[in-house]
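All remarks here apply to the structure that follows.
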Amino acid sequence: MQPTKIVDLFAGPGGLDVAAEKLGIPTVGVEWDSAACTTRRAAGLGTVEGDVRLYGPSDFPDADVLAGGPPCQTFTVAGTGAGRKALDEVLKFVERIVAREDREEIEKDLSKLDDERTGLVLRPLMWALDAIDKLDRPYKAIVLEQVPAVLPVWEAYRKALINEGYEAECGILHTEAFGVPQTRRRAVLIARYGKDPVTLPTATHRIYRKSVARDSGDSNLLPWRTMADVVTRPTTFEVISNYGTGGDPKARGRRRSDEPSATVTGKISRNRVVGPDKSELDRFSFSEAGRLQTFPTDYPWSGRDIGQQIGNAVPPRLALHILSAAFGWPSPSETLLQSLTTWTPSGP
């Protein structure tokens, strides 16, 4: 298929949009975080700053592809059971939306949720069904991604979309298996209208395993990429995590420069970087943190909370593979992948 334009919900600073623009596909992103919108505008990406709930397919009539990565925080609450409760609630709402229950009633019940972010994961499904029911113009393709905890929601989406005439697939992808110099797992759903089979993208690199040599494993796959492949420093270095350890310095995760980065989060600036003699080195700059996510070196990070923008983003290199699979295209060429190292704004 040949897409015309992508509307990207919860678009963040532009990870998926960067990939789409490299593929020659125009995008418009809907994002309510003003800081992320500042970066998007600096990058020349089409941007609507606002609440996804206030828009619908009719507001973007030239978009024939729907994409999105809704907020995930309420699905990843550890230890309290809140994540499981949120998931159960969302799956019940999926059934109601698919059954075409009165939308006003659904909206009223969504407003009663403990955390309004929980219901946002339902918006792409609403948009997909509204494009069918109200416009009689199904999206040609749908691409969604989020943390692994959201996979049951994507599985419910998959069943619903197949009943609406789509072919769809979902699963967990490892970012380093697609050449991202970072270990990160994402739940991905790809759907395409019609009867052509849909598959998730095929891995190009090996999955990182602690203490397993980079050159071991499937010889048909490339070795995983390292932090040193994208972050140029005068010496080798080690990154020491400063979160998720209960305050115990001995328990802090460590990754060497000849390994992939651990998952880049909004707290990446808190991670110490030390040299081979254990001396303190400069912590990662925004450009370096962005490169670990495979953003271009010169991507114009702007506004406030840049670390959070970077941590929340979809790695553009992974997005290139996902979009290519969604459109039934071959895996992106090495030339195309290399083009991610620089950025040229496409316009205001």
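SER257 - would you say it is over 22 Å from the mean Cα position of the chain (by Cα) and modelled with pLDDT of 95 or more? Walk me through it before giving the result.
Details: over 22 Å from the mean Cα position of the chain (by Cα): yes; modelled with pLDDT of 95 or more: yes.
In short, yes.
If GLN338 meets every condition in (1) closer than 28 Å to PHE237 by Cβ; (2) outside any helix (DSSP H, G or I) apart from one, which number is that one?
Checking GLN338 against (1) closer than 28 Å to PHE237 by Cβ; (2) outside any helix (DSSP H, G or I), the one that fails is (2).
Just to confirm my filter: which helices (runs of 4 or more DSSP H) fall fully inside segment 78-163 and include at least 1 residues that are under 24 Å from ALA20 (Cβ atoms), within 18 Å of the chain's Cα centre (by Cα) and touching a residue at least 40 places away in the same chain (Cβ under 8 Å)?
Result: 123-133, 151-163.
Which residue pairs have Cβ atoms closer than 9 Å, lie 6 or more positions apart in sequence or on different chains, and pair a first residue in segment 276-305 that is small (Gly, Ala, Ser) with a second residue that is loosely packed, with under 14 Cβ neighbours inside 10 Å and at pLDDT 95 or above?
Listed by first residue and then by second, the contacts come to SER287/ASP298; GLY303/SER34.
Which is outside any loop (DSSP other than H, G, I, E, B) and either at pLDDT 95 or above or more than 16 Å from GLN182 (Cβ to Cβ) (or both), of VAL212, VAL239?
The match here is VAL239.
For segment 251-288, give me the residue count where each residue is closer than 14 Å to MET227 by Cβ, touching a helix residue (DSSP H, G or I) at 6+ places or on another chain (Cβ under 9 Å) and β-branched (Val, Ile, Thr).
Going through segment 251-288 one residue at a time, the tally reaches 3.
Scan segment 180-191 for residues that are buried (at least 24 other Cβ atoms within 10 Å of the Cβ) and either out of contact with any strand residue (DSSP E or B) (no Cβ under 8 Å at 6 or more places or on another chain) or not in a strand (DSSP E or B) (or both) and jot them down.
Once the filter is applied, which keeps residues that are buried (at least 24 other Cβ atoms within 10 Å of the Cβ) and either out of contact with any strand residue (DSSP E or B) (no Cβ under 8 Å at 6 or more places or on another chain) or not in a strand (DSSP E or B) (or both), segment 180-191 yields VAL180, PRO181.
The values are calculated or read from the model by the stated rules, or taken from the named source; none is laboratory data. From a predicted model like this one, the values you see are computed outputs, not experimental measurements. Quick reminder, even Gly has a Cβ in these numbers, built from the backbone with ideal geometry, and neighbours come from all protein chains shown.
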